[in-house]
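All remarks here apply to the structure that follows.
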């Protein structure tokens with residue numbers, strides 16, 4: 001009996017040292033009281049059918065998600081008011097603490113539900129002369145006698161230019177600079193900014209009124225010199241940088257929202273370097289995840305709250321998926337980053353787990369299995385392939401080399417070697433084409449095959465897609481004249497499997513690689 005009691009106490013102690021934090025934009029949780037700030041479709045008992053029945057369904061669906069996540073702290077966005085927070089609290093007795101804020105005439109605000117003690121709350125005021133948004137909620141928590149802060153944000157949507165989000169970021173960053181050195185803080189919420197916003201902002205003239213500067217990247221310092229702050233260098237950079245947890249996931253898993261079918265990451269959890277130093281709180285590395293059970297995400301679609309012509313249909317959840325991370329006060333482990341940094345890199349496959357390189361990587365016996373102009377694909381035997389774009393003039397197809405890789409990059413999800421030097425010429429490889437993969441025996445949609453050269457692909461070309469049996473895949477060529485004629489039946493002798501944003505595709509570098517029947 002005593003042994004059992006000790007085991008229970010020990011189990012509780014270990015459990016108490018770990019907690020989870022989540023963030024969830026619930027997509028417009030309004031009450032049934034008419035206010036001037038209500039969105040038109042949420043004015044109660046109108047043609048929009050925001051009535052008791054649909055209200056109950058929406059509330060029950062939000063409650064289901066929160067219960068199933070079962071996070072110790074959950075940050076919420078798009079809650080109308082404190083009364084709606086009370087509606088949730090009455091049905092969620094496990095959450096003893098809460099906080100909420102919004103501007104008086106704003107439609108929605110942000111809040112926390114927490115099982116962990118809340119010490120205090122304050123607002124970071126962000127106002128504009130011509131638009132009304134939401135303050136940033138700064139909440140101080142205490143866990144295992146350790147104080148830490150979480151900042152809950154809901155930045156302006158992309159109907160507003162980037163300068164609006166930059167102002168939010170500057171206000172937040174100014175507040176962070178006031179905190180003691182090595183203070184544990186978490187920034188989370190709906191930033192209406194992708195984790196890699198700096199890569200795409202310059203493409204949108206309407207949004208880019210900041211000369212390419214973004215709030216989430218350059219202002220909050222999740223990037224330095226147009227490269228992400230990563231595990232490899234976060235502690236070397238000092239207190240002014242921050243780490244975005246989206247980098248913990250594989251590229252194709254990075255989404256909490258879909259826009260026109262494409263992956264987006266408006267919801268973010270960003271953490272301070274102090275959460276890696278193992279002094280007080282510690283982020284449990286690689287614990288970040290997206291909560292996406294079948295009832296929230298199915299057939300590559302988010303099951304959002306359904307509206308038809310601005311009329312409520314009484315089903316669905318939100319257009320956002322919740323995101324979650326784990327933290328601990330356990331001091332028995334050494335700095336978790338040291339294990340990661342010590343890993344010796346000598347394989348192409350290992351480069352796929354990296355966002356950037358801090359030190360050069362020596363790849364031995366890499367074979368150039370494909371060359372076209374200044375582009376090439378290299379591969380190691382029994383390992384993966386990788387692309388060199390516009391920098392392979394010194395390499396020859398069918399030859400082996402030892403290469404020192406100084407930098408890599410992700411181009412919309414496609415891994416590339418950006419800079420390298422030839423260390424050794426190892427000679428010609430007679431049977432290098434044996435390193436091609438046979439498309440008949442692999443799943444070409446599996447992202448592990450990106451940058452491979454494949455053979456034996458047969459299908460019919462229609463409207464930019466190659467139809468192979470019951471599947472279809474985009475067929476891409478930089479020179480559109482290299483593509484076959486519409487409705488052609490073709491055989492591809494060799495092709496490059498690429499990845500662009502959220503989609504696997506076949507790239508044709510030269511029309512001689514296609515046989516048209």
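Remarks
- P(r) tail fraction, the chain - alpha-carbon pairs more than 46 Å apart, %: 22 percent
- Relative exposure of 486, 418, 178, 513, judged by other C-beta atoms within 10 Å (fewest first): 178, 486, 418, 513
- Rg and Dmax of the stretch 344-430, both derived from C-alpha coordinates alone, stand at 11.7, 35 Å.
- Working note: 222 nm ellipticity from helices only, DSSP H runs with n ≥ 4, each -39,500 (n - 2.57), summed and divided by the residues of the chain, gives -4500 deg cm²/dmol to the nearest 500.
- At q = 0.11, 0.18, 0.19 Å⁻¹ the log10 of I(q)/I(0) for the stretch 136-223 amounts to -0.33, -0.77, -0.83, computed by Debye summation with a single uniform scatterer per C-alpha, solvent ignored.
- Tensor-based shape of the stretch 392-517 (alpha-carbon gyration tensor, a/c under 1.5 rounded, otherwise prolate or oblate): prolate
- Spatial separation of Cα centroids for the stretch 268-312 and the stretch 55-82, in angstrom: 14 Å
- Ranked by how many other Cβ atoms sit within 10 Å of their own Cβ, fewest first, the residues 228, 255 fall in the order 228, 255.
- Percentage, to the nearest whole number, of Cα pairs in the stretch 207-279 over 16 Å apart: 55 percent
- Whole-Å distance, taken between Cα centres, linking the stretch 18-48 and the stretch 189-235: 29 Å
- Per residue convex hull volume, Cα atoms of the stretch 124-174, in Å³: 77 Å³
- Distance from the Cα centroid of the stretch 414-460 to that of the stretch 101-164 is 48 Å (rounded to whole angstrom).
- Residue list for the stretch 353-368, given a label point 7 angstrom along the Cα-to-Cβ vector of residue 404 and an amide N cut-off under 14 Å: 359-364
- Enclosing the Cα atoms of the stretch 282-420 in their convex hull gives a volume equal to 192 cubic angstrom per residue.
- Whole-percent pair-distance distribution, where bins are 10 Å wide, for the alpha carbons of the stretch 173-318: 10, 35, 31, 18, 5, 0
- The overall shape of the stretch 33-171 is oblate: from the C-alpha gyration tensor, with semi-axes ordered a ≥ b ≥ c, the ratio a/c is 1.5 or greater and a/b is no larger than b/c.
- Footprinting exposure proxy ranking of 320, 509, fewest other C-beta atoms within 10 angstrom first, gives 509, 320.
- Taking the DSSP beta bridges with both ends in the stretch 436-516, the antiparallel portion is around 80 percent.
Coordinate-derived values only; no laboratory data. Keep in mind the model is a prediction, meaning the values are calculated, not measured. FYI the Cβ positions are ideal-geometry reconstructions off the backbone, even for glycines, and counts take in every protein chain you see.
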